[in-house]
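Visitor: Take this structure first; my questions come after.
Quick note: the coordinates plus some simple rules give every number you see, no bench work behind them. Everything quoted here is computed from the prediction, not taken from an experiment. Note: ideal-geometry Cβ built from the backbone for every residue, glycine included; neighbour counts use all protein chains shown.
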Amino acid sequence: MAIIKTEGLTYVYGEGTPFRKVAVDSVDLEIESGDFAGIIGHTGSGKSTLIQHFNGLLKPTSGSVWIDGERLWDDKAKLRPVRFKVGLVFQYPEYQLFEETVYKDIAFGPKNMGLDEDEIDRRIKETARLVGIGDSLMSKSPFELSGGQKRRVAIAGVMAMEPKVLILDEPASGLDPKGREHILGMIKEYHQETGNTVLLVSHSMEDIARNVQKILVMNDAKLFCYDETAKVFHRSEELRAMGLAVPQITRVFERLRAMGIDTGEDVYTVKYAARLLLEKLKK
C-alpha cells in the first residue's frame with residue numbers, strides 16, 4: 001500500500017507576480033510503506049518543495065497529496081494528526097535545539113502529541129539507544145555536546161514521535177567522514193529495526209548508492225523517475241545530462257566496459273565492485 005501518494009501535484013511560488021516560478025510540476029507518485037528511498041536532483045529541481053508537501057508544510061497550488069490513505073487539506077482539523085505520521089528533519093537540525101537537557105529536547109515532540117509520561121519516557125529511551133546517546137548525556141545541556149552528537153539528538157527528537165514516514169534533508173551535511181558514516185549508519189539501522197518508510201535527500205551519490213533501495217529523481221520541477229537504485233544508475237547518461245553525477249565506482253566500471261572488460265552488471269558501490277572483481281579474477 002502507498003504510504004505517500006500524489007496526483008498532479010503542482011506548487012507555484014509567487015503566483016500572480018512577475019516572479020512566478022513553478023517549483024513542482026504535475027507530479028504523480030506512489031511511495032510504498034517500508035521503502036527506503038533517496039531523493040536526488042540538481043539545485044532548484046524541486047526536491048525540498050516536494051518533501052514539504054508530504055507533511056502539510058506547503059499546500060499544493062493544484063493536485064492532491066495522500067498520507068496513509070488520507071488526503072491532506074480536505075479537512076484542516078485533521079491536518080495535525082496526519083502531520084504526526086510524517087517526521088521531517090531539516091538540514092542542520094541541531095540549530096533547532098533549545099531545551100535545558102538532552103532528555104527534554106527529545107521529549108518535546110512526543111509531549112506535543114499528548115502522550116502520557118510513561119509512553120514519552122519509553123520513546124525517549126528507545127530512540128536514544130537507537131541513535132547512540134548514552135544515559136550519561138541525557139541530563140546534559142545539548143549545547144555541551146559535539147556537533148555530531150547534537151545532530152543525533154535533533155534527529156532523535158523526530159524519531160521519538162514514531163512517524164510512519166521519516167524524511168531527512170541532507171542529514172550528513174557538514175560532518176566529517178566519520179560523522180557522516182555514523183549518521184547514515186544510524187538511519188539505516190532505524191529503517192531495519194522499525195520497517196518504517198525513510199526518505200533521504202542528499203547531493204552525495206555515494207551516500208545514496210550505499211544506503212537506499214530506491215531513488216526518486218527530480219529534474220526541473222518534474223519527476224524524472226522513481227525506481228530501484230540499480231535501474232536508476234543504469235541511466236547514467238540521462239543523469240549526467242540533467243547535471244547529476246553517478247558514484248565514482250560506477251564511472252570506473254563504465255570505463256572498464258569501454259575497454260572491453262564487462263562485468264555484465266551495473267556497479268554502484270565499492271563493496272559490490274570488490275566482490276565482482278574477485279569473482280572475475282578467480283575465473
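Visitor: Would you confirm whether or not segment 245-253 contains a residue that is within 22 Å of the chain's Cα centre (by Cα) and aliphatic (A, V, I, L, M)?
Guide: So far as segment 245-253 goes, yes, one or more of its residues are within 22 Å of the chain's Cα centre (by Cα) and aliphatic (A, V, I, L, M).
Visitor: State whether one or more residues within segment 60-72 are assigned to a strand (DSSP E or B), free of Cβ contacts under 8 Å to residues at least 60 places away in the same chain and either touching a helix residue (DSSP H, G or I) at 6+ places or on another chain (Cβ under 7 Å) or within 19 Å of residue 212 (Cα to Cα) (or both).
Guide: Looking through segment 60-72, at least one residue is assigned to a strand (DSSP E or B), free of Cβ contacts under 8 Å to residues at least 60 places away in the same chain and either touching a helix residue (DSSP H, G or I) at 6+ places or on another chain (Cβ under 7 Å) or within 19 Å of residue 212 (Cα to Cα) (or both).
Visitor: Being β-branched (Val, Ile, Thr), within 23 Å of the chain's Cα centre (by Cα), more than 16 Å from residue 93 (Cα to Cα) and surrounded by 20 or more Cβ atoms within 10 Å (Cβ to Cβ), is that true of even one residue in segment 140-156?
Guide: Within segment 140-156, none of the residues are β-branched (Val, Ile, Thr), within 23 Å of the chain's Cα centre (by Cα), more than 16 Å from residue 93 (Cα to Cα) and surrounded by 20 or more Cβ atoms within 10 Å (Cβ to Cβ).
Visitor: Moving to a separate point now. Just checking, how many residues over segment 83-123 are among the aliphatic types (A, V, I, L, M), in contact (Cβ under 8 Å) with a residue 12 or more places away in the chain and in contact with a Lys or Arg (Cβ under 9 Å, 6 or more places away or on another chain)?
Guide: Here the count works out to 6.
Visitor: Please work out which one of (1) crowded, with 16+ Cβ neighbours inside 10 Å; (2) assigned to a strand (DSSP E or B) is the condition residue 30 fails and give its number.
Guide: (1)
Visitor: I'd like the full set of residues that are within 28 Å of residue 8 (Cα to Cα), crowded, with 19+ Cβ neighbours inside 10 Å and touching a Gly at 6+ places or on another chain (Cβ under 9 Å), limited to segment 206-231.
Guide: Scanning segment 206-231 gives 208, 212, 214, 215, 216, 217, 218, 219, 221, 223, 224, 229.
Visitor: Take the residues in segment 161-173 that are under 16 Å from the mean Cα position of the chain (by Cα) and assigned to a loop (DSSP other than H, G, I, E, B); name whichever of them is surrounded by the fewest Cβ atoms within 10 Å (Cβ to Cβ).
Guide: Here the residue is 173.
Visitor: Here's another thing I want to ask about it. Out of curiosity, is residue 58 in contact with a Phe, Trp or Tyr (Cβ under 8 Å, 6 or more places away or on another chain), more than 19 Å from residue 226 (Cβ to Cβ) and buried (at least 17 other Cβ atoms within 10 Å of the Cβ)?
Guide: Yes; evaluated as a whole, the condition is true for this residue.
Visitor: Could you tell me which residue of segment 1-20 is nearest to residue 36 (Cα to Cα), considering only residues that are touching a residue at least 12 places away in the same chain (Cβ under 8 Å) and not in a strand (DSSP E or B)?
Guide: 1
Visitor: Also, quick follow-up: Cβ-Cβ distance below 8 Å, separation of 6 or more or different chains: which pairs start in segment 131-160 with a residue that is free of Cβ contacts under 8 Å to residues at least 40 places away in the same chain and outside any helix (DSSP H, G or I) and end on one that is surrounded by fewer than 17 Cβ atoms within 10 Å (Cβ to Cβ) and of a type in the set (Ser, Thr, Tyr)?
Guide: Short answer, once both residue conditions are applied: 139/101; 140/101.
Visitor: Can you give me the number of residues within segment 75-130 that are of a type in the set (Val, Ile, Thr), out of contact with any strand residue (DSSP E or B) (no Cβ under 8 Å at 6 or more places or on another chain) and outside any helix (DSSP H, G or I)?
Guide: 1
Visitor: Now, a different point. Which of the helices (runs of 4 or more DSSP H) found entirely inside segment 199-283 contain at least 3 residues meeting this: of a type in the set (Val, Ile, Thr)?
Guide: Per the criteria, 248-258.
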